[in-house]
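See structure below.
All of the numbers you see were taken from the coordinates with simple rules; none came from a lab. The structure displayed is predicted, hence computed values, not measured ones. All Cβ positions, glycine included, derive from the backbone under ideal geometry; neighbour counts span all protein chains shown.
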Amino acid sequence: MLWKGRRQSSNIEDRRGMGMGGKTVLGGGIGSIVVILLFALLGGNPGDLLNTTPSTYNSNSNTPMNVSSQEEELADFVSVVLADTEDVWSAEFEKRGMVYENPKLVLFRDSVQSACGAANSAVGPFYCPGDHKLYIDLSFYQELKQRFQAPGDFAMAYVIAHEVGHHVQTLLHSGQDVPAAKKRTNEYSVRFELQADYLAGVWAHYAEGKGYLEKGDLEEALNAAHAVGDDTIQKKAQGYVVPDSFTHGTSEQRKRWFNKGFKNGTLEGGDTFNAANL
């Protein structure tokens with residue numbers, strides 16, 4: 001992906017040198033980390049998982065921050081991707097007579113407080129609708145590359161675009177007409193997550209139109225979508241899959257809906273809530 005030298009977003013909140021000022025709710029041994037990561041990866045809400053109450057970030061505890069050149073480059077990268085999403089969704093909302101509200105992207109290390117509760121890095125990147133912010137510990141990208149075998153800068157961009165997709169859903173009140181009882185089902189969660197994948201694909205469509213994509217970029221994003229499919233993750237973690245427990249969709253579904261958004265390049269066509277075939 002061609003990103004160096006391009007506009008960076010001003011909507012970055014850097015908390016990497018700050019303590020959380022409170023108890024880390026998410027944590028524990030390796031087993032709990034795996035469970036949390038599988039639940040929250042690419043769109044999970046830690047507040048939903050823990051049934052926590054909203055809390056306020058406490059920035060009274062500041063610690064010196066040592067940032068490597070590699071980490072700083074990642075910070076610049078996600079800032080450029082966020083800026084791209086701002087341009088895309090501002091234009092799309094304007095076409096519909098609406099105003100897009102830019103989300104904030106919070107960089108943190110180890111642990112963080114959001115309006116959805118406390119979380120540590122094991123959660124993976126997430127979006128909190130309570131404060132309209134995306135949260136990411138940049139060390140996650142090593143997990144994406146090594147554990148999930150999904151390397152490449154466009155794979156990393158897909159992660160940000162998916163979380164921004166959840167912000168778009170929040171602004172558009174996506175799925176709000178679904179009966180409350182169905183919202184508590186895994187099927188609703190899958191449809192919600194697949195729509196965020198579709199919206200990530202819409203962003204990628206515009207990135208290609210701007211000439212930002214390089215050879216192999218689309219394949220990197222599709223590989224990442226495949227790597228975080230429920231069936232693929234469960235198969236690696238426990239050797240078998242339990243379809244009734246899926247919350248994000250299969251690898252095939254995640255790839256297909258991202259690719260559909262990439263080809264369509266518009267909000268239309270992404271209504272996963274009423275789709276007969278996911």
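Table for the structure above
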quantity	calculated
Prolate/oblate/rounded label for region 138-270 (Cα gyration tensor, a/c 1.5)	oblate
Vicinal HN-Hα couplings computed from phi for region 184-191 (Karplus, 6.51 cos²θ - 1.76 cosθ + 1.60; Hz; Gly/Pro x)	8, 9, 5, 4, 4, 4, 4, 5
Rounded FRET efficiency, nearest 0.05, which uses the C-beta distance separating residue 147 from residue 73 and R0 of 35 Å	0.95
241, 78, 112 arranged by Cβ crowding within 10 Å, fewest neighbours leading	241, 78, 112
Which listed pairs, of 145/215; 4/133; 104/236, have C-alpha distances above 27 Å, in listed order	104/236
Potential lengthening between residue 264 and residue 186 on full extension [0.36 nm per residue; Cα-Cα distance subtracted]	25.4 nm
Order of 252, 71 - criterion: other Cβ atoms within 10 Å of each residue's Cβ, fewest first	252, 71
Ranked 266, 272, 85, criterion: other C-beta atoms within 10 Å, fewest first	266, 272, 85
Estimated inter-spin distance, residue 6 and residue 87, nm [label 7 Å along Cα→Cβ]	0.6 nm
Rounded if a/c under 1.5, otherwise prolate or oblate - region 138-202, Cα gyration tensor axes	prolate
Charge dipole (debye, nearest 20) of region 236-278; +1 at Cβ of Lys and Arg, -1 at Cβ of Asp and Glu	240 debye
Relative contact order %, region 95-231, counting alpha carbon pairs below 8 Å whose residues are six or more apart	24 percent
Linear extension gain, residue 271 paired with residue 240, 0.36 nm per residue minus alpha-carbon span	8.2 nm
Student exercise, region 127-168 dipole from Lys, Arg, Asp, Glu Cβ charges, in Debye to nearest 20	100 debye
Residue-span extension gain [residue 99 to residue 66] - 0.36 nm each, minus C-alpha spacing	8.1 nm
